[in-house]
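Shown next, in structure tokens, is the structure this report addresses.
The values are calculated or read from the model by the stated rules, or taken from the named source; none is laboratory data. A quick note: this is a predicted structure, and the numbers were derived from the prediction, not measured. Positions of Cβ are generated from backbone atoms using ideal geometry, with glycine treated the same way; all protein chains shown enter the neighbour counts. The area values use the complete protein model at the heavy-atom level, side chains included, leaving out ligands, DNA and RNA. Shrake-Rupley method; radii C 1.70, N 1.55, O 1.52, S 1.80 Å.
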4 protein chains.
Amino acid sequence: MANRGINKVILVGNLGQDPEVRYMPNGNAVANFSVATSESWKDKQTGETRDRTEWHRVVVFGKLAEIAGEYIKKGTQVYLEGQLQTRKWQDQSGQDRYTTEVVINPIGGTLQILGSRGNSNDSYDDGSQNWGQSANNISSAPAASSRQPNKNAPAPQPKAPEPPMDFDDDIPF
Amino acid sequence: MANRGINKVILVGNLGQDPEVRYMPNGNAVANFSVATSESWKDKQTGETRDRTEWHRVVVFGKLAEIAGEYIKKGTQVYLEGQLQTRKWQDQSGQDRYTTEVVINPIGGTLQILGSRGNSNDSYDDGSQNWGQSANNISSAPAASSRQPNKNAPAPQPKAPEPPMDFDDDIPF
Amino acid sequence: MANRGINKVILVGNLGQDPEVRYMPNGNAVANFSVATSESWKDKQTGETRDRTEWHRVVVFGKLAEIAGEYIKKGTQVYLEGQLQTRKWQDQSGQDRYTTEVVINPIGGTLQILGSRGNSNDSYDDGSQNWGQSANNISSAPAASSRQPNKNAPAPQPKAPEPPMDFDDDIPF
Amino acid sequence: MANRGINKVILVGNLGQDPEVRYMPNGNAVANFSVATSESWKDKQTGETRDRTEWHRVVVFGKLAEIAGEYIKKGTQVYLEGQLQTRKWQDQSGQDRYTTEVVINPIGGTLQILGSRGNSNDSYDDGSQNWGQSANNISSAPAASSRQPNKNAPAPQPKAPEPPMDFDDDIPF
DNA sequence: TTTT
DNA sequence: TTTT
């Protein structure tokens, strides 16, 4: 319950291969896959463009793992939020080895398929729990005064009370 | 369960005043407070150091709200993770007004007290707890009725351009 | 330079309309648009699925604004990272009004177009600077052996030499 | 400039030891330290409280590294934002080993000291500074050569299964 | 309204 | 190895 510290990883990248889903004795699913994130930049010395791909080992638990097994595959672009965990194991020779993974738990973790139309474009959150929290409840927003149907709201962009952008002063950015 | 989109706010800042905690008819707590984040930079033109403080309206629901009421106060440095919500309300003249808040729900939200020694330095997460209650049905009597006594709730209820928390209907935000 | 506090917003959502790009007297670009994030959940009381869309006003400065004007449009799914800023303005009647926006600055801000193939799928970061850090792509992992079909692989938790995401091929995808 | 993917780590935790700061041939600083994040939860089966500490290897480059060397030490609580990088190295027997680190670059990275009063409570960001230098060309002599004296650099260079920071080639991270 |  |  009480935590001391924040351990959060946010990735947007593409799967390097189809998720591999296994089931634990208690029936819970575990999915493993790798996600690539790439960045490119111009080398200021040489002036040439360089780029680099980083591969992340991802482990998904619970309902999200089942969803991963069903809906995402090699190449799928995903948004995911998890935490870093380094686990120790032993290689053939009995030597300690360490592997760092991005772990997505049902609580606090997120996995969302990106891309438009073609993809299912749904995110799956804390799926397994008692998602008991009515998200109504909460404060701000919608419900009532939605003069527009809930989905596909074509950009409200209010007319009247539009805040002007003052371009003529010294405000920072 | 299935979401399309990510709506995430992460703040580290100090409370501008003690949290104001209220209880909804179903017993769920709601805490309100403001958090300041500051940044300073050197003005490239003038060379002088400038700085700016941003104030964020924060609303916390559920168990985290109770914890907020108990453990954090004016000046406390916190880490928090929530989501943006803009709610519509009407001012005295009946005009539509909008207020954007950072909402911290038991699921997916995080509130952590920072700083060592002096502070309790614990974070409170949705953890594994059953926080299944619906948080609908918010009661009437805005600033007033705290059915459960709570420290540090000076019920300031700001004056003029301040959006009221309407507890008297079920379409609150 | 030195900041006290973190003020960070991360959104994944779709543009409600084409960005509106303007230029400041000094030639810097500013782009405005709205981004929708949606979430749906099952109401635990009624059992029905509900959903809600939140609209975020986004303001992009500098080179990212130009890129926004060029490459994204109504409906584009984006990842963005910025900070919250509430600015004060006055309506026709001279009353103070406040509007909260997600501001994406060239430094620290990020704007990335999501979606595969069809989209340009590039992110634009701190474009202006020299990213001087050498970055050779180390690939950890993946590829090869999916010994099991994607779903329902009924094999539990690997035993001993457990890191084994099969490092046996270095050509990710 | 153009990136495809997001690779972001956010940690709040305490340093396990004083940062070890070294300088590259071009004068740029590199700081290494570990950060602990802890979480505790109630085991649903047994009902007992359990907790777990995760250790993260952090590498800081540039001005932030110098600041780290000066202002943070064993026990300091920090907020940091960086990216995951896994680098390959070879152990004594010539076997490939992989180590994953959280890398904080001047651009896009953040390091902030938390806690009030006792601590300096400032964050150091890429801010507006010119931090254009290339971080390539790292020199040889791993732990050793600190051309600029630096407090708190006990040059521990861990024993056995510890990944060396190879400063003698250009494929460091 | 906070903090440094 | 930190912190509470």
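From the phi of every residue in segment A:27-43, what ³J(HN,Hα) in whole Hz does the Karplus formula 6.51 cos²θ - 1.76 cosθ + 1.60 yield, where θ is phi - 60° and glycine or proline is x?
x, 6, 8, 9, 10, 10, 6, 10, 10, 9, 10, 10, 9, 9, 7, 9, 5
Report the percentage of all Cα-Cα pairs in segment A:9-113 whose separation exceeds 20 Å, rounded to a whole percent.
Counting pairs separated by more than 20 Å, the tail of P(r) holds 46 percent.
Counting other C-beta atoms within 10 Å, and keeping those with at most 11, which DSSP coil GluC sites (Glu not before Pro) do you find in segment A:1-90?
A:48
Residue by residue through segment B:85-91, which ³J(HN,Hα) values in whole Hz follow from phi under the Karplus form 6.51 cos²θ - 1.76 cosθ + 1.60 (θ = phi - 60°), with glycine and proline marked x?
9, 10, 10, 9, 8, 10, 7
Would you mind giving the total buried accessible surface between chains C and A, with a 1.4 Å probe and ligands, DNA and RNA left out, rounded to the nearest 100 Å²?
Values: alone 13240 and 13230 Å², together 20370 Å².
In total, chains C and A hide about 6100 Å² from solvent.
I'd like the distance between the alpha-carbon centres of segment C:47-122 and segment B:7-86, rounded to an integer number of Å.
One Cα centre to the other: 21 Å.
From the label point of residue D:93, set 7 Å from Cα along Cα→Cβ, how far away are the matching label points in the other copies, in nm, ordered shortest to longest?
Computed spacing set for this position: 0.2, 8.0, 8.0 nm.
Along segment C:53-65, what does the Karplus equation 6.51 cos²θ - 1.76 cosθ + 1.60 (θ = phi - 60°) give for ³J(HN,Hα), rounded to whole Hz, x for Gly and Pro?
Whole-Hz 3J(HN,Hα) from phi for segment C:53-65: 10, 10, 9, 10, 7, 10, 10, 10, 10, x, 4, 4, 5.
How much of the accessible area of segment C:9-113, probe 1.4 Å, is carbon plus sulfur, in whole percent? Could you put the intermediate results ahead of the total?
Values: 1760 of 4010 Å².
Exposed carbon and sulfur together represent 44 percent of the surface.
Give the residue list of trypsin sites (Lys or Arg not before Pro) in segment D:1-85 that are DSSP loop and have at most 12 other beta-carbon atoms within 10 angstrom. Don't skip to the end; give the middle numbers.
Working: sites: D:4, D:8, D:22, D:42, D:44, D:50, D:52, D:57, D:63, D:73, D:74; in loops: D:44, D:73, D:74.
Qualifying residues, ordered by number: D:44.
Between their Cα atoms, which of C:88/D:8; B:63/D:42; A:44/D:63; B:42/D:63; A:42/A:73 are more than 23 Å away from each other? Walk me through the numbers before you get to the answer.
Values: C:88/D:8 32 Å; B:63/D:42 16 Å; A:44/D:63 18 Å; B:42/D:63 16 Å; A:42/A:73 32 Å.
Violating the 23 Å Cα-Cα cut-off are C:88/D:8; A:42/A:73.
Separation between the residue B:26 and residue C:95 pseudo-spin-labels, each 7 Å from Cα along Cα→Cβ, expressed in nm?
Going by the 7 Å Cα→Cβ label model, 3.3 nm.
Show the residues, 5+ positions off or on another chain, whose built amide H is closer than 5 Å to the amide H of residue A:18.
Answer set, sorted by chain and number: A:74.
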